[in-house]
Structure formats: C-alpha cells, structure tokens
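Novice: Have a look at this one before I ask anything.
Quick note: the coordinates plus some simple rules give every number you see, no bench work behind them. What you see is a predicted model, and the numbers here were worked out from it, not measured in a lab. Quick reminder, even Gly has a Cβ in these numbers, built from the backbone with ideal geometry, and neighbours come from all protein chains shown.
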Amino acid sequence: MAHILLVDDDPDVAATNAETIETLGHSVELTSTSAEAARAMERKAPDLVVLEAILGGEFTGMELAKELAETYPDLPMIMLTRADEHLTSEELERQDRDGWLPVDRYLEKPVLDDVLAYEVEHLLPADK
C-alpha cells in the first residue's frame, strides 16, 4: 500500500480523486494549500503526489511542484489542472521545454477515474 499526497482546493474533485486512489488500496492524505502540503511532507513522505496547479487562485501548485522536485528529485508527481486556461501564449510555448514543470504527468481536468487510477499505478515504485 502506498501513501499518496493529494493537493487540491476543490473539495468535490479532491474527494472524488481520493476515493479513486483509495479503491486501489492506497492511503490518501488530502491538503488544499501548498502550506498544508509542506506540513504533510514533514509528517510523512508520500510515495506519490497528485496536485492542482492553481491553488487559491494563484499558481502556487506549480511552485510547489518545483520545490518538491528540488527537495525530492525521485518523487513521482501528477498534476491535474485547468491551468492552460489561465496561461499566456508565452507560458504555453514554454511548457514543452525540459524542466518547465517537473511533473511526471500533466493531465487536464476533469480526469476520468480510470485514467487517474492507471497513472497512479504506473508511477508508483514497484514495491508499493
């Protein structure tokens, strides 16, 4: 069983995604801000992080992903978001550059339950 950190400020989306991940047999810790996520990381390092790019109307989820990648370079991350609706054309162009966003998967919301389940299972370390 893996420990998954889910960071999303939309309670309905978070609850649905948590249920999807829990049906796979994994534990889920829900947080809704970058600060809560940082505290959760201090309590128990997750095996995988699923996060939203825009938290509280700001791009703090993207900043969190960059911070986590620096501190935990082997931590798999999935970003679920509608951030593309908010990015400028210059920011959209930079998405294809290496290192722009250090996540393993970038999926647009809404994400189907089976797609999220597939991505979680395929990004977890083999022993989880």
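Novice: When we measure straight from the Cα of Lys44, which lysines land under 21 angstrom away, once same-chain ones fewer than 8 places off are left out?
Specialist: Lys66, Lys128
Novice: Pairing the Cα long axis of helix 113-123 with the longest principal axis of the chain, what angle in degrees results, from 0 to 90 and rounded to the nearest 10?
Specialist: Value to nearest ten degrees: 80.
Novice: So how tilted is helix 60-71 from the main axis of the chain? Cα-based, degrees 0 to 90, rounded to 10.
Specialist: Value to nearest ten degrees: 70.
Novice: Where the centre of each part is set by its Cα atoms, how far does segment 104-126 sit from segment 1-69, in angstrom?
Specialist: Between the Cα centre of segment 104-126 and that of segment 1-69, the gap is 13 Å.
Novice: State, to one decimal in nm, how far the label point of Glu36 lies from the label point of Glu22, with both points 7 Å from Cα in the Cβ direction.
Specialist: 1.5 nm
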